[in-house]
1. On a 0 to 90 degree scale, rounded to 10, what angle separates helix 10-35 from the longest Cα axis of the chain?
2. Fewest to most neighbouring Cβ within 10 Å: what's the order for Ile28, Ile188?
3. Kindly state, as a whole number, the per residue volume in cubic angstrom of the convex hull around the alpha carbon atoms of the chain.
4. With unit charges on the beta carbon (Lys/Arg positive, Asp/Glu negative), name the residue among Pro37, Leu165, Met116 whose Cα is farthest towards the positive pole of the charge dipole of the chain.
5. I'd like to compare 34-42, 115-123, 162-170: which one has the highest average count of other Cβ atoms within 10 Å, and what's the full order after that?
6. State, as an integer percentage, the relative contact order of the chain based on alpha-carbon contacts under 8 Å between residues 6 or more apart.
Amino acid sequence: MAWFDTLGAGGPILAVLAVLSLISVALIVVKTLALWPVTGGGSARDAALAEWAEGRRDAARAGLGNAAADRVLAYAMQALSDGFRGAPLIAELTRRGNEEFAAMSRGIRVLELIAMISPLLGLLGTVTGMIQSFQELELAEGAANASVLAGGIWQALLTTAAGLLVAIPAAVAASLLAGRAERGAQAIENAVGRLMVIEEQGPR
């Protein structure tokens with residue numbers, strides 16, 4: 001393609017950055033939709049725990065939603081109703097909580113990787129473009145047109161700008177999404193911890 005050839009050494013780097021940008025945008029959209037509900041449902045869990053404290057166990061389980069904290073809490077309630085208690089139950093709840101957190105965190109590492117390597121790829125494109133520009137200047141034995149040399153330099157610098165444009169949104173999104181996943185994990189710990197306290201105290 002003409003534009004690809006015009007960009008010289010920076011063309012392949014820009015193509016890679018374009019692919020990384022598409023992956024980044026797709027991940028941001030998918031993870032935002034997936035993590036949007038993980039911190040919700042707090043009032044429903046409060047109501048379910050209140051029902052459990054009053055001894056209405058079936059009503060407590062029925063009032064839960066489908067967020068990560070709701071799923072782990074529902075399992076804990078069912079296990080307690082079935083007589084599953086003690087260290088084995090805590091270990092199983094920990095395992096389920098870790099699985100939920102791993103699912104919430106999946107894909108965020110890829111965003112962090114894109115944020116890390118995109119500026120490096122941009123810098124690589126700039127360095128290779130500058131090398132090419134100065135090689136052309138050397139071959140021209142100092143007689144090169146200044147406008148041609150300047151054109152080669154801006155083409156080289158374009159890859160650094162592109163790398164930063166890809167990296168900045170990916171870094172911001174990775175940080176925000178990781179924080180939301182952590183809040184989802186905290187919701188799981190809070191819900192299960194409160195259930196265990198209620199169970200120790202016994203029905204009102």
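1. 10
2. On the way: Ile28 19, Ile188 25.
Going from sparsest to densest Cβ surroundings: Ile28, Ile188.
3. Normalising the Cα hull of the chain by residue number yields 123 Å³.
4. So the residue furthest toward the plus end is Pro37.
5. So the order, starting with the most tightly packed, is 162-170, 115-123, 34-42.
6. 36
Computed from the coordinates by the stated procedures, all read-outs in this text should not be read as laboratory data. Computed from a predicted structure; not experimentally measured. Virtual Cβ from ideal backbone geometry, glycine too; neighbours counted across all protein chains shown.
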